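Report on the structure given below.
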Amino acid sequence: MAKQSTRAAWTVVLTLDGDGKLHRQVERALREAIRSGRVSTGTVLPPSRELAAQLDCSRWAVTQAYSQLVTEGYLATRVGSGTWVSWSGPTQRTARRTAAASVATYRFDLAPGAPDLRAFPRTRWAEAARAAARTVPTADLGYPDEQGYLPLREQMSDYLQRSRGAIASAADVVIRSGVSASVAQLCAGLRAMGIDRIAVEDPGWTRLRAVIESTGLRLEPVPVDDHGLQVERLSRRDDLRAVVVTAAHQFPTGVVLAPHRRLGLIDWARRTNGVILEDDYDAEFRYDRSPVGTLQGMAPEHVVLLGSLSKTLSPAIGIGWFVAQGQWRRLLEGPAVLGPSTINQATFAELVAVGAYDRHLRAMQRRYKRRRDCVLTALQHELPTWTIGGAAAGLHLTLTHPSNPDTSLLTTAAGDLGTRIVPLRDYRIHTTETQDGIVLGYGNIADNDVGPAIRSLAKAFANSRRRAAQPRS
Ligand SMILES: Cc1ncc(COP(=O)(O)O)c(C=O)c1O
């Protein structure tokens, strides 16, 4: 372990508790600082005379404390090298990290959600961050523009038009920290406009529902079938004027909103003077067909388009956007919302401007397609009796089985083998739908793990069937 010399203000790090003899107080304070992780392994302690002066105690008290902690293995000492922290046991910090990790440690995590975090373009991002830090105008280093950093809004307006068929000028684009943050603001705005209910897809993304409910808006669940949201049902609900929809790739079923439903939805919005919040969360990744354009491009006056970097780069960046036009600009009129860090926005703007974001998306599209194909091959081999749905796009697919197995048993059996899966029913509001299944995410699984993970799932299925067949005692 390399020794780090430190000029810490030891009076800040070590607090003497005033209880008992001074050398014991110094000893306890040092031991506690090491165990808590505040003084890390390798840290060189000051000479006893210096620490004594800082702590306002005798040099003897410090040498006694050092000597006791050397005996206990917290410190080491060598003539000419001084005294340093040699403790290699767990500190409270590492214990906390380990505890957090052990809750979520699976050998194979097949829950939907994450993109390939290993593929984050670290070098490109670092280059863009460097360029951004050099070039962001001094005036922009104050509090961020509420609507978002203008150069990024310009890049996004261009990007959304060319890649998603959206209709958006830079003035229509608002930068937020993600889809969830955008929806929170928009729903608060809807309430302020007197709209108190919003239709949501059932099944749908649970976090988004929680965000909506936290704004006080009531959820109106609308079922989803093989053609997407059952748009016809919207008209049957009086006074409904708002809906959230994942039109290009329904979450979690993976179906695409059928053309007649797209037209029906826009027609409904025009008739009710309503708004469609279009969650375009993973539209960039399409494998077997050409991309579906946005609803927003068909009816910008009734659609607010939302997106974020959570699927294309990483949720850790904390950048998303929405495009709002016409009367829906009023949704922004609520209390001021501070957008994400200008430096991050400028970094992302730079990444788009130099073409690195588009190149990254093209590379990821190829990577995900290859992985999706491997997943399909493995599933056909290991779980041939299961039906695969929603695999033509995005980073997840669904699996259903004609025997409609108990997914609680299956999830537990998979967990026992170190594989995390999520039942479809977890995303449902009304659980009257009897056919359950699994939502299987493959965005963040290593390529080498695809085969073993699907084999583990097949084994879990066999185990869960055996368990289901056992007579109950
Ligand atoms: C349906 C859906 N929409 C949006 C998002 C992205 O949300 P955010 O930008 O808040 O991370 C996700 C992420 O998992 C999602 O599943």
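The values are calculated or read from the model by the stated rules, or taken from the named source; none is laboratory data. Small disclaimer: the values here were computed from a predicted structure and weren't measured. Note: ideal-geometry Cβ built from the backbone for every residue, glycine included; neighbour counts use all protein chains shown. Note: areas computed on protein heavy atoms with side chains; ligands, DNA, RNA excluded. Shrake-Rupley method; radii C 1.70, N 1.55, O 1.52, S 1.80 Å.
Observations on the structure shown:
- Distant-in-sequence amide H partners of ASP202 (H built 1.01 Å from N, under 5 Å): VAL222, VAL224
- Taking every alpha-carbon pair under 8 Å whose residues sit at least 6 apart, the chain reaches a relative contact order of 18 percent.
- Antiparallel %, DSSP beta bridges [both residues in the chain], to 5: 55 percent
- When only alpha carbons are used to place a centre, the range 162-188 and the range 310-352 end up 7 Å from one another.
- When the residues ASP373, ASP288, ASP426 are ordered by accessible surface, computed with a 1.4 Å probe over the protein chains alone, the sequence from largest down reads ASP288, ASP426, ASP373.
- Heavy atoms of TYR66: accessible area, 1.4 Å probe, square angstrom to 10: 20 Å²
- Percent accessible area from carbon and sulfur atoms, the range 338-473, protein chains only, probe 1.4 Å: 51 percent
- Solvent accessible area, Å² - LYS369, 1.4 Å probe, full protein context: 70 Å²
- Ordered from largest to smallest accessible area (heavy atoms of protein chains, 1.4 Å probe), the residues VAL255, VAL62 come out as VAL255, VAL62.
- Evaluated over the chain, the Cα radius of gyration and Dmax, each in Å: 28.1, 86
- Relative packing of 328-336, 443-451, which averages over residues the other C-beta atoms within 10 Å, highest first: 443-451, 328-336
- The chain, helix-only ellipticity at 222 nm - DSSP H runs n ≥ 4, -39,500 (n - 2.57), divided by all residues, nearest 500: -12500 deg cm²/dmol
- Heavy-atom surface of the range 332-473, accessible at 1.4 Å and reported per residue (Å²): 47 Å²
- Aspartates and glutamates with Cα under 14 Å of LYS459, excluding same-chain neighbours fewer than 8 positions away: GLU382, ASP416
- Across the range 120-357, the relative contact order, built from alpha-carbon pairs under 8 Å that are at least six residues apart, equals 30 percent.
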